[in-house]
1. Give, as residue ranges, the helices (runs of 4 or more DSSP H) completely inside the range A:155-217 that count at least 3 residues that are of a type outside the set (Gly, Ala, Ser) and out of contact with any strand residue (DSSP E or B) (no Cβ under 7 Å at 6 or more places or on another chain).
2. Got a sec? Which helices (runs of 4 or more DSSP H) wholly within the range B:85-151 have at least 1 residues that are within 13 Å of another protein chain (Cβ to nearest Cβ), closer than 21 Å to A:TYR20 by Cβ and touching a helix residue (DSSP H, G or I) at 6+ places or on another chain (Cβ under 9 Å)?
3. Just give me the residues in the range A:270-281 being surrounded by 15 or more Cβ atoms within 10 Å (Cβ to Cβ) and in contact (Cβ under 8 Å) with a residue 40 or more places away in the chain, in sequence order.
4. Considering only residues that are of a type in the set (Asp, Glu) and more than 17 Å from A:GLU19 (Cα to Cα), look in the range B:152-175 and name the one that is nearest to the other protein chains (Cβ to nearest Cβ).
5. Go through (1) open to solvent by 30 Å² or more (accessible area, probe 1.4 Å); (2) closer than 14 Å to A:PRO117 by Cα and name the single condition A:VAL240 misses.
6. Kindly provide the set of residues from the range A:67-94 that are within 12 Å of chain B (Cβ to nearest Cβ) and in contact with a Leu (Cβ under 9 Å, 6 or more places away or on another chain), ordered by number.
7. Name every residue in the range A:38-70 that is over 19 Å from B:ILE203 (Cα atoms), among the small types (Gly, Ala, Ser) and part of a helix (DSSP H, G or I), in order of residue number.
8. Could you list, in sequence order, all residues of the range A:125-140 that are exposed (fewer than 15 other Cβ atoms within 10 Å of the Cβ), within 11 Å of another protein chain (Cβ to nearest Cβ) and outside any helix (DSSP H, G or I)?
Amino acid sequence: MHGQPEPVITNEEFLKFREYFYRKTGIYFEESKRYFVDKRILERMAKTGVDSFHAYFMNLRFEASGRELQTLINAMTVNETYFFREDYQFRCMVRSMLPELTAYRAAKRPIKIWSIPSSSGEEPYSIAIWLLEYWPQVDEWDIEIVASDIDTKILDLAREGRYGTRSLQNLPPNLLRKYFKPVGNQEHQIIEDLRGSVEFTQVNLSDRATTRQYRGFDIIFCRNLLIYFDDISRREAAEVFFGALNPGGFICLGHSESMSRISSLFTVRKFPEAIVYQKPL
Amino acid sequence: MALIKKTVSAPPEEHRHSARDLSGLLEQLRSDKPDIRRWAALDLSEHSEAAEILCRCLEEEQNMAVRDALFTSLIRINNNAAVKGLIPLLKSEDAALRNGVIEALRQMPDALAPYMQDMLHDPDSDVRIFTVNVLESLCHPMTPEWLLGVIEEDTHINVCATAVDLLAEVGSPEMIASIDALPGRFANDPFLRFAADIAIRRIRGANPN
């Protein structure tokens, strides 16, 4: 049986794709990821009925809606959440950001932290645990943690705070014992004190009337969300965060995301633990 | 515990006296308070008829956050008036403003397309270079054709060099002859030869047949 030859991706094509994808997303594929990248591109080529890389790349590059690029981003990324994910940013929060934010601050004003998207709560509870465990000044300040998501069902799960082993895999055992109680079926539930300390709210970042209520934050965690937005929505989200932060406040994005590619509103801060973005003073 | 929980609610300053309709927002765009101008600029994204005024404000606005909001709304409005108002700002002496315009135009491919030929034939070679910069990230299927036109016709070496660089990414095999001929139009300038060779190699590598 003689079918069409299987399409292949040449080295030059891979380099061309890698440069473009990096420019659009900040995700850079090392040579070692070549098989993974080729496989997903070839899958998308098959699904879109295109038999040459050149034709597929031209569609990716010039499609005004950006739909195929978004589909490819989804295929190239893994969206999962668990406790203490990308914990170098939490370390940065307690070692660098909070000491700077509190250095000249009137003691009475609470520190406000916004976690968006909160998903099922792993991130905001991780922030709370990091503060309680690793920030020596935690008792000297009032701290408000607001956690938001667009999905009301996932917010209900977050408020309930029950997690399986996959979510808890990175959590040190002593912290699991301290902040969780076993509830059967290999699940653990966050203790009530901690559940009661996070305000969960439904927020659609595209809804300016709602997001305008979010003001006075000192730190925002918005990780691995903007990569799924189109260019204008990303830019509008950056405007929301700019409006929500106090001057001098910080925003933490996911490891492959860069605010510099989205907006010039923020300055880059390179701390020993992480690179974050700051609203100018 | 030091963690406290408060309900998120509208801050007191949110209880505004001025209207959020078109005329109210345009009035706030003239406020001496940058924060008020910024919120007005963002809310004007819902009023496409404000595009021309938003462009005019860009010329005057010195506050970077307000300027950013003006650009954001113009990109969201994304109409003929927005493009028409932005293009002349490519001639501005203010580099940050020009960069903002380039970034904004890149995100408005359909509205921009009818103006592309005029921009690529602007008498000012800097404007032509900025236009090629716009093409760098413009999601429009005519982009390779427009770039080909530049390397075949433009008389300024820097405009052509910028364009041939981009063709390395988006060019196709039938463009190779024009790319190869480009250095000859500029006394075989060694940099253009180098850039053309890279583009040709990229295109050939991408299309071995």
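The values are calculated or read from the model by the stated rules, or taken from the named source; none is laboratory data. Please read these numbers as outputs of a predicted model, since none were measured by experiment. Heads up, the Cβs are rebuilt from the backbone with ideal geometry, glycines too, and the neighbour counts pull from every protein chain shown. Just the protein is used for accessible areas: all its heavy atoms, side chains included, with ligands, DNA and RNA removed. Shrake-Rupley method; radii C 1.70, N 1.55, O 1.52, S 1.80 Å.
1. Hits in the range A:155-217: A:173-179, A:192-195, A:208-211.
2. B:95-106, B:109-112, B:125-136
3. Across the range A:270-281, the qualifying residues are A:PHE271, A:GLU273, A:ALA274, A:VAL276.
4. B:GLU174
5. A:VAL240 satisfies all of (1) open to solvent by 30 Å² or more (accessible area, probe 1.4 Å); (2) closer than 14 Å to A:PRO117 by Cα except (1).
6. A:GLU68, A:LEU69
7. Answer for the range A:38-70, where residues must be over 19 Å from B:ILE203 (Cα atoms), among the small types (Gly, Ala, Ser) and part of a helix (DSSP H, G or I): just A:ALA46.
8. Result: A:GLN137, single match.
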